[in-house]
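What follows is one structure encoded as structure tokens, with my remarks underneath.
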Amino acid sequence: MVRRTKEEAFETRESILDAAEQCFHAKGVSRTSLSDIAQAAGVTRGAIYWHFHDKADLLDALFQRIQMPLEELSQKSQDASASDPLERFSKLLITVLQRLEADPSARRINEILLLKCDYIEEPCGQQSHLQRMSQHHDDNLRNTLQLAIASGELPPDLDLELALFCAHGFIYGVLHQWLMHPARLSLVERAHEVAATLLDMLRNSPHLRKTQSDSQSAQ
């Protein structure tokens with residue numbers, strides 16, 4: 001009986017997330033109420049509050065849902081004991097890009113996070129949520145770049161903060177542009193080239209190198 005209750009609770013949670021994904025995608029986050037989600041899921045508002053605090057909590061859960069299949073690749077890209085951190089990061093990025101086009105749920109959730117969260121009205125703190133998500137990605141990417149410098153995959157005089165800023169902007173720009181204009185490019189077919197372009201920039205751009213004065217001040 002206890003096991004069945006746990007299974008039922010899991011199924012209810014998943015149905016609520018499915019409904020939230022559909023409602024947020026159809027109406028946007030601010031215009032979707034918990035009552036809308038409860039009705040779509042066929043549950044009460046109380047059932048939603050049993051599993052989630054508010055809409056921000058639902059957004060976090062949706063974000064975690066699309067992250068879970070990538071967790072193993074993400075951990076490998078952060079593993080200091082493994083070789084070729086930059087190449088492992090490239091594999092992760094290629095998987096993310098290809099999945100964006102191939103997986104309808106991943107596409108919907110990215111559209112919710114990048115296109116359908118409001119920054120002016122914050123009934124569930126969407127902007128704060130996106131800032132936390134961005135910071136999480138920044139922390140992981142910074143660690144990857146540091147490991148790549150230590151392993152010799154990136155130049156030792158790489159301006160880490162500038163490289164991080166540009167790489168983050170490149171990735172989010174690609175995601176945003178594809179979601180806005182998906183017919184322009186097949187990410188399934190060309191994700192390898194997109195990832196290689198980013199790696200070329202990090203490895204070869206002279207503008208991402210520290211100046212002599214920067215190097216001296218760092219010493």
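Look at region 15-35 and say how many of its residues are open to solvent by less than 50 Å² (accessible area, probe 1.4 Å) and within 21 Å of ASN110 (Cβ to Cβ). So the answer is 12. Considering region 1-100, the qualifying helices (runs of 4 or more DSSP H), each wholly inside and each with 3 or more residues that are over 20 Å from ILE171 (Cα atoms) and modelled with pLDDT under 90, run over 2-27, 55-67. Residues that are of a type outside the set (A, V, I, L, M) and assigned to a helix (DSSP H, G or I) were ranked within region 101-119; the one that is modelled with the highest pLDDT is GLU101. Of the listed requirements (1) touching a strand residue (DSSP E or B) at 6+ places or on another chain (Cβ under 8 Å); (2) under 27 Å from ASP57 (Cα atoms), LYS210 misses just one: (2).
The values are calculated or read from the model by the stated rules, or taken from the named source; none is laboratory data. Just so it is clear, the structure is predicted and the values come from calculations on it, not from any experiment. Neighbour counts are summed over all protein chains in view; Cβ atoms, including those assigned to glycine, are modelled from backbone coordinates with ideal geometry. These accessible areas exclude ligands, DNA and RNA; they are computed on the full protein's heavy atoms, side chains included. Shrake-Rupley method; radii C 1.70, N 1.55, O 1.52, S 1.80 Å.
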